Amino acid sequence: MLGNYLYGFDIYYLVLVVPALLLSLYAQTRVKSTYAKYSRIANKKGLTGAEIAKAILERNGLYDVRIEPVAGELTDHYDPRTKVVRLSQGVYGSNSVAAIGVAAHETGHAIQHGESYGPLVLRSTLVPVAGIGSSLGFPLAIAGIFLSFGPLVTVGILLYTVAVLFYVITLPVEFNASSRAIRTLEDTGILDYDEIDPAKKVLSAAAMTYVASAAVALANLLRLILLSNRRRD
């Protein structure tokens, strides 16, 4: 095991995980700064995030999807179990360009759900196992490595792989929701032409956080596999 360490540090952690964590930190900083910037710019029609979400849902025939406010900042999400689009306090009642982009993005998930969009269905199916894999997979694998107990390592890696798969499948789900949002805003004229680019920047910054999360998960999985292989050697 000493071959995996450099001056007391896990070399795989330094080489694989740390760069991914730095990417995640950058993505979080970027989304907050971009959101803050365009939250100060009101859309020309004066429509709120809740009003936009309602208009887009009705345009797509989704009259059974509710819209509710939720506490916090950037806590917006769509709950497929209850068919509720939950918009954060800074989006629900705001008429900013950033709020419109975020609200449209979340309605994109509702539309995906209504159409049984493949990646979304697969992600929803993986939720129970991915939750277990995310919380238990990594510690089980690490414990198995240090105890030199192969079966525990295998179970841990398999569980964590499902969690990683969840992060990877999230990428097309989020990218698709954003593309639907921008297309809807363009087609309906909800935002003027010069307001579309700021909305794209907000959604692009948000998408980077999902890429970073997937990168961190993949880096940790690769680290586990390399540590496991090294243990066998």
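With Ala219, Ala212, Ala181 as the choices, which residue is within 22 Å of the chain's Cα centre (by Cα) and at pLDDT below 95?
On the way: Ala219 fails: at pLDDT below 95; Ala212 fails: at pLDDT below 95.
None of the other options fit; the residue is Ala181.
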task = Find the residue count for the stretch 109-140, including only residues that are in contact with a Lys or Arg (Cβ under 8 Å, 6 or more places away or on another chain) and either modelled with pLDDT under 95 or aliphatic (A, V, I, L, M) (or both).
result = 2
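Filter the stretch 39-92 down to the residues that are of a type in the set (Val, Ile, Thr) and in contact with a Gly (Cβ under 6 Å, 6 or more places away or on another chain), then identify the one that is nearest to Leu120 (Cα to Cα).
Val91
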request  = Could you tell me whether Thr125 is over 19 Å from Leu218 (Cβ atoms) and within 18 Å of the chain's Cα centre (by Cα)?
outcome  = yes
ask   = Any idea which of (1) outside any helix (DSSP H, G or I); (2) at pLDDT 95 or above is the one Leu191 doesn't satisfy?
value = (2)
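The values are calculated or read from the model by the stated rules, or taken from the named source; none is laboratory data. Predicted model, so just to flag it, every value in this text is computed and none were measured. FYI the Cβ positions are ideal-geometry reconstructions off the backbone, even for glycines, and counts take in every protein chain you see.
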